[in-house]
Every structure is written in structure tokens, then in C-alpha cells.
1. Taking residue 231, is it modelled with pLDDT under 95 and in a helix (DSSP H, G or I)?
2. Do we find a residue being buried (at least 18 other Cβ atoms within 10 Å of the Cβ) and among the small types (Gly, Ala, Ser) anywhere in segment 65-77?
3. Open to solvent by less than 70 Å² (accessible area, probe 1.4 Å), under 23 Å from residue 245 (Cα atoms) and in contact with a Pro (Cβ under 8 Å, 6 or more places away or on another chain), is that true of residue 142?
4. Check off (1) under 26 Å from the mean Cα position of the chain (by Cα); (2) open to solvent by 60 Å² or more (accessible area, probe 1.4 Å) for residue 132 and give me the number that stays unchecked.
5. Test residue 249 against the criterion of being in the same structural domain as residue 129 (by the TED database) and modelled with pLDDT of 95 or more, and give yes or no.
6. Does any residue in segment 160-173 that is more than 17 Å from residue 191 (Cα to Cα) come within less than 7 Å, Cβ to Cβ, of a residue that is open to solvent by less than 70 Å² (accessible area, probe 1.4 Å) and aromatic (Phe, Trp, Tyr) six or more places away or on a different chain, and which pairs are these?
7. Determine whether segment 148-168 contains at least one residue that is outside any helix (DSSP H, G or I) and farther than 21 Å from residue 215 by Cα.
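The values are calculated or read from the model by the stated rules, or taken from the named source; none is laboratory data. These figures come from a predicted structure and were not determined experimentally. Cβ sites come from the backbone with ideal geometry, for glycine too, and all protein chains shown count toward neighbours. Only protein heavy atoms, including side chains, enter the accessible area calculation; ligands, DNA and RNA are left aside. Shrake-Rupley method; radii C 1.70, N 1.55, O 1.52, S 1.80 Å.
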Amino acid sequence: MAVGNGESASRPTLIGSVQRALRLLEAVGAHVGGAPAKQLARETGLPLPTTYHLLRTLTHEGYLRRENGLFVFGEAAEAIGQAGARRRRRTQIAEALAMAGRELRAAVYFAVYREGEVEVVAVSDDPERPPVEEWADFRATAHAHAIGQCLLAQLDDATRREHLARYPVQSVTPFSVRTEDDLLHRLDTVRRGHVAYEQQEYALGTVCSAIPVQVGSAVAALAVSLPAHELHRLRNVTDRLRTMAEATLTTLAFSISI
């Protein structure tokens, strides 16, 4: 009975056409202004007919586009690069929030208001200081948590009213604001003080604060949460968060939000 070669058995199955397409993409990426098919064939060592066939396929799928006889990256390839860059930036800010959380002994959040929605971009993840569990949709309950109140306070009046028309004010806990008028009055206070405080309005047993951060034209906020029995620490932690934001976090936040 023949015994198979262990090395051959463990060797992965490779698809040659995919390898050749990737080599072409790498070659295109080496030329900022693009390159013609014949040059790409020479640089990759591929036969010219094969090169033309792969270039047509990649162009059809949006990974390349042809401009004045030169092949450059298309929207699909650019989207892959942008997605990778966003993931790296999100990892960076997650690490920064983790460091801030350890120093503040609090859960720390970064959020933006984008395309009409509240988006929590990153949050520290310390088992000893766990973030608030999203038991009610953060987007629909912006009126009830410090992050949402801080973001809503930064919007212009028309945008804010449009948001509240989609997500009406309603009590989430016994401590939540009751009416839109109550919320608008609260948001005036937030704008004047440049900070939103809330006590058990979104989650029982938790107190939170959020501060606006300057990230170009984006509406953004940094926030912290603490157990309710540590309410006495909230203002000090918030002040320290503001100092940290001015020093380092805002730069990272800007790279995420754009």
C-alpha cells in the first residue's frame, strides 16, 4: 500500500489565476499614475494574452479602471485599502481608550453622530470596569444617555428635531427625561457646560458623563461610565478625561471619524 508524502498532503491548494491576478494588482499599486498592460505583463512575467484577460476581469469587477490606456486602482480595491486603514485606526483608538480606562478606573467610550445616527465607534474593554450593556438600542435612546445628549447638543436645531422625530423621547428608566421639552432644556445646559451628566437614565446602577471633542466638522464625544455608588468620582474623572482628550485622544478620534 502506498503511503502519501506528508509534506505534499499538507501543502495548500493554490489557485493559479488568483495568484496571477494578485500579482497584477501589486504591479498596478507600484505605479501611482498607473501603467499600461504591456508594462504590467513584463513586470509580472505573465504572457500578454493572460495579462489582458485578467486586466479585463479586474476592471469589470471594479478592482481596476483604465484611464488613457493606463490601469489604476478602481473603487473596489480602494475600498479594501480604506477598510484596512479604518480597522487599524479603530484598533489604535481602542488601545488608547483601554489605557485611559485603566488610568481613570472607568469604562471609556468614543462616539460620533454620523448620517443621522449615534455610532459608538470604540469602547474600552476591561473586565474590572465593564462598559454599559446596550440593552436598549443606543441609536434610538440618545435622549437617555450621556453620549447621546452630548451629541444631540452639538447638532443644529433642524437636525436635532429631525432626529427626535425619528426617535421620540420616552422613558428608558424611572430616571430618564420624560418629554422633549425636558430634553431640550437639558441640552441647553449641556451646551453651556460642555459636558453631559446622567445618573441611571439609561442603565440602572450606572452614572455617565460625556464631553464634546473637536474633530473637524464631525460631531463627536468621549464618555465615561461608573457604577452608581461611585457617583462622587464622576466630576473628577470627567475633568481628567478632558485633559487626556486634549493631549492625545482627540488626534486618534479625528483619524477614526473622518
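1. Values: modelled with pLDDT under 95: no; in a helix (DSSP H, G or I): yes.
Spelling it out, it is not the case that residue 231 is modelled with pLDDT under 95 and in a helix (DSSP H, G or I).
2. yes
3. On the way: open to solvent by less than 70 Å² (accessible area, probe 1.4 Å): yes; under 23 Å from residue 245 (Cα atoms): yes; in contact with a Pro (Cβ under 8 Å, 6 or more places away or on another chain): no.
Judged against the criteria, residue 142 is not a match.
4. (2)
5. Values: in the same structural domain as residue 129 (by the TED database): yes; modelled with pLDDT of 95 or more: no.
So residue 249 fails the test.
6. Qualifying pairs under 7 Å: 172/202; 173/202.
7. Within segment 148-168, the first condition is being outside any helix (DSSP H, G or I), and the residues that meet it are 155-156, 167-168.
From what is left, the residues that are farther than 21 Å from residue 215 by Cα are 167-168.
Within segment 148-168 (the criterion being outside any helix (DSSP H, G or I) and farther than 21 Å from residue 215 by Cα), the answer is yes, since at least one residue qualifies.
The rows are residues; the columns are (1) touching a helix residue (DSSP H, G or I) at 6+ places or on another chain (Cβ under 6 Å); (2) among the small types (Gly, Ala, Ser).
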residue: 171; (1), (2): no, yes
residue: 174; (1), (2): no, no
residue: 187; (1), (2): yes, no
residue: 192; (1), (2): no, no
residue: 196; (1), (2): yes, yes
residue: 204; (1), (2): no, no
residue: 207; (1), (2): yes, no
residue: 213; (1), (2): yes, no
